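To keep things clear, I will list the structure first and then write my remarks on it.
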Amino acid sequence: MLAYDDTNIFAKILRGELPCLKVYEDEHTLAIMDIMPRADGHALVIPKAPSRTFLDMAPEDIATLYATVQRVARAAKAAFDADGITIQQFNERAGGQLVFHTHVHVLPRKEGVPLRPHAGQIAPADMLEAHAAKLRAALGS
């Protein structure tokens with residue numbers, strides 16, 4: 001198993017060294033907007049406990065992470081009037097992981113609307129803020 005690198009972008013966000021569009025936070029998790037959204041309302045849920053991949057996580061950290069994932073997914077479905085939700089979690093480069101701090105993608109989906117490319121273009125700031133506001137409102141935060 002490779003060692004956790006605390007210079008990754010999510011570790012920096014968690015320490016407040018880099019900005020983010022926060023939509024939810026509790027003692028164990030942080031939910032933010034993905035700046036390269038594959039769908040409108042695409043959020044990321046990040047555990048605060050350091051782990052490189054899901055395979056490195058303590059079971060209790062998995063439980064708190066996925067409780068927040070469910071909360072954010074329910075809110076995203078309502079906020080974006082989605083027909084469904086895609087939950088994605090990638091592990092290691094061969095599994096599609098690009099940032100090596102465990103994180104879960106929550107993507108509101110509409111019938112017949114394909115996902116945009118993974119690691120595509122950075123979305124306009126005003127669009128991301130509008131999506132964050134909708135998601136925050138649905139979360140009650």
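Any idea what angle helix 59-79 forms with the longest principal axis of the chain, computed on alpha-carbon atoms, 0 to 90 degrees, nearest 10?
Taking Cα atoms only, the helix is inclined about 10 degrees.
List every residue whose amide H lies under 5 Å from the amide H of residue 92, counting only residues 5 or more places away in sequence or on a different chain, with H placed 1.01 Å from N in the peptide plane.
Counting only residues 5 or more places away or on other chains, the set is 97.
Just the accessible area per residue of the chain, please: how many Å² with a 1.4 Å probe?
Solvent-accessible surface per residue comes out at 53 Å².
If you roll a 1.4 Å probe over the range 27-93 with all protein chains in place, what percent of the accessible area is carbon or sulfur?
Reported share for carbon and sulfur atoms: 53 percent.
How large is the dipole of the chain about the Cα centre if only Lys and Arg carry +1 and Asp and Glu carry -1, each at its Cβ, rounded to the nearest 20 debye?
Taking the Cα centre of the chain as origin, the dipole is about 260 debye.
Pop out the ³J(HN,Hα) list for the range 127-133 in order, Karplus 6.51 cos²θ - 1.76 cosθ + 1.60 with θ = phi - 60°, rounded to Hz; leave Gly and Pro as x.
Along the range 127-133, the couplings run 5, 4, 5, 5, 5, 4, 4 Hz.
Please state the shape class of the range 87-141: rounded when a/c is under 1.5, otherwise prolate if a/b exceeds b/c and oblate if not, all from the C-alpha gyration tensor.
Because a/c hits 1.5 or more and a/b exceeds b/c, the range 87-141 counts as prolate.
Give the long-range amide H neighbours of residue 29: residues separated by 5 or more places, or on another chain, with amide H under 5 Å away, using H modelled in the peptide plane at 1.01 Å from N.
Hits under the 5 Å cutoff: 48.
Per residue of the chain, what 222 nm ellipticity follows from adding -39500 (n - 2.57) for every DSSP H run with n ≥ 4, rounded to the nearest 500?
Counting only the DSSP helices, I get -9500 deg cm²/dmol.
Output wanted: per-residue J couplings in Hz (rounded whole) for the range 23-28, from phi through Karplus 6.51 cos²θ - 1.76 cosθ + 1.60, θ = phi - 60°, x for Gly and Pro.
Running phi through 6.51 cos²θ - 1.76 cosθ + 1.60 with θ = phi - 60° gives 10, 7, 8, 9, 4, 10 Hz.
The values are calculated or read from the model by the stated rules, or taken from the named source; none is laboratory data. Only a predicted model underlies this, so the values are computations on that prediction, with no experimental measurement involved. Glycine gets a Cβ as well: all are built from the backbone with ideal geometry, and neighbour counts include every protein chain shown. Keep in mind that these areas ignore ligands, DNA and RNA; they rest on the heavy atoms of the full protein, side chains included. Shrake-Rupley method; radii C 1.70, N 1.55, O 1.52, S 1.80 Å.
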